[in-house]
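Asks: The structure's right below; bear with me while I get my questions together.
Read the figures in this text as sums done on the coordinates, not as results from a lab. Values in this document were obtained by computation on a predicted structure and should not be read as measured data. In this analysis, Cβ positions are derived from the backbone assuming ideal geometry, glycine residues included, and neighbour counts consider all displayed protein chains.
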Amino acid sequence: MNGTVEVVPSVPDAFARLATDILAAAEPAGASLFLSGGPTARACYERLAAVAPPGGPVDWSAIDVFWGDERCVPIDDPDSNHRLAVETLLGRVGPVRSDHPMYDGGDPAQAAARYEALVAGLASLDLLHLGMGPDGHTASLFAGSEALEVDDPARLVVQSSDPAARNPHDRLTLTLPAIARARTVVFTVQGAARRDALARVRAGEDLPAGRVQAGRVIWLVDEEAWGTGPPPLDRGPAHAEEAG
């Protein structure tokens, strides 16, 4: 397990504060923000929109928005990560400098190639938000998938699917080499349903989320997900430990 673990009372609150600090500090040049999907992401983005509204601490007109993974569904589909972000964040904070949906139709292989070219052209991946599934996957990097084993630094975006068929839809996803380019990766993990997977990552088991490396990796975890085990260091309102 790589990075710093912070056990916090509220993962959405902690994410919103951290994301606001990073994005606000990026002015005037702006920043690239990579978003995720799922229920925890929904709560995080709703809170971020409340903490950093239009005219607030973040100049959203200087933020370029991308995605770390996406389901190959129409952009207005209820399962679309892009739709989730528009409903919870982008539609509330006002126009961003650019919005780059990962999948907007057509052949997934061609969509992956287009997005890879886009990501390859970025000067930096400033803030990349990731979640973790109960099976330990992150982005759309699933145990046993070909996407998880990509180690070519030039392959940044690929097609993916869950070999265990627990997660529906074909996907597009950043690869581990692409994620490793990020300045800051923030994992958000909450709820007892993630406790087993988190414990396995903490123990060094080879789960996809545990393979993530980047310039800085921060795990924001609530007490339900943390469960039992050696307590982390006490740092006021949150607890933290160095892992890796």
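Asks: Taking the chain as a Gaussian network, where each spring joins two C-alpha atoms under 10 Å apart, which residue of 64, 170, 107 fluctuates the most?
Replies: Taking springs between Cα atoms under 10 Å, the residue moving most is 107.
Asks: Which order results if 61, 10 are arranged by neighbouring Cβ count within 10 Å, fewest first?
Replies: Ascending Cβ contact count within 10 Å gives the list 61, 10.
Asks: Calculate, in nm to one decimal, what residue 10 and residue 223 gain on full extension: separation in residues at 0.36 nm each, minus their alpha carbon distance.
Replies: 75.8 nm
Asks: With an 8 Å cut-off on Cα pairs and a minimum separation of 6 or more residues, tell me the relative contact order of the chain in percent.
Replies: Answer for the chain is 27 percent.
Asks: In terms of modelled amide H atoms, which long-range or inter-chain residues lie less than 5 Å from the amide H of residue 217?
Replies: Those lying under 5 Å, H to H, from residue 217 are 4, 185.
Asks: While we're here: Using a ≥ b ≥ c from the Cα gyration tensor of the range 51-124 (square roots of the eigenvalues), is it rounded, prolate or oblate, where a/c under 1.5 gives rounded and otherwise the larger of a/b and b/c decides, a/b for prolate?
Replies: oblate
Asks: What is the extension gain from residue 24 to residue 77, computed as 0.36 nm multiplied by their sequence separation minus the C-alpha to C-alpha distance, in nm to one decimal?
Replies: Value of the extension gain: 16.0 nm.
Asks: With the chain treated as a Gaussian network of Cα nodes joined by springs under 10 Å, which of 70, 27, 223 yields the largest mean-square fluctuation?
Replies: Its mean-square fluctuation being the largest, the pick is 27.
Asks: Which of 217, 119, 186 moves the most in a Gaussian network model of the chain with Cα springs under 10 Å?
Replies: Among 217, 119, 186, the largest GNM mean-square fluctuation belongs to 119.
Asks: What percent antiparallel are the DSSP beta bridges of the chain, to the nearest 5?
Replies: 40
Asks: Between beta-carbons, use under 13 Å as the cut-off and find the net charge around residue 79, counting Lys and Arg +1, Asp and Glu -1.
Replies: So the environment of residue 79 carries a net charge of -2.
Asks: Report the relative contact order of the range 30-116, percent, no decimals, based on alpha-carbon pairs under 8 angstrom and at least 6 residues apart.
Replies: Relative contact order comes out at 33 percent.
Asks: Multiply the residue separation of residue 123 and residue 151 by 0.36 nm, subtract the distance between their alpha-carbon atoms, and state the gained length in nm to one decimal.
Replies: Full-extension gain reported as 8.0 nm.
Asks: Would you tally the net charge around residue 126, using a Cβ to Cβ cut-off of less than 13 Å, leaving residue 126 out, and scoring K and R as +1, D and E as -1?
Replies: +1
Asks: Take 104, 76 and order them by how many other Cβ atoms sit within 10 Å, fewest up front.
Replies: Listing 104, 76 from fewest to most nearby Cβ atoms yields 76, 104.
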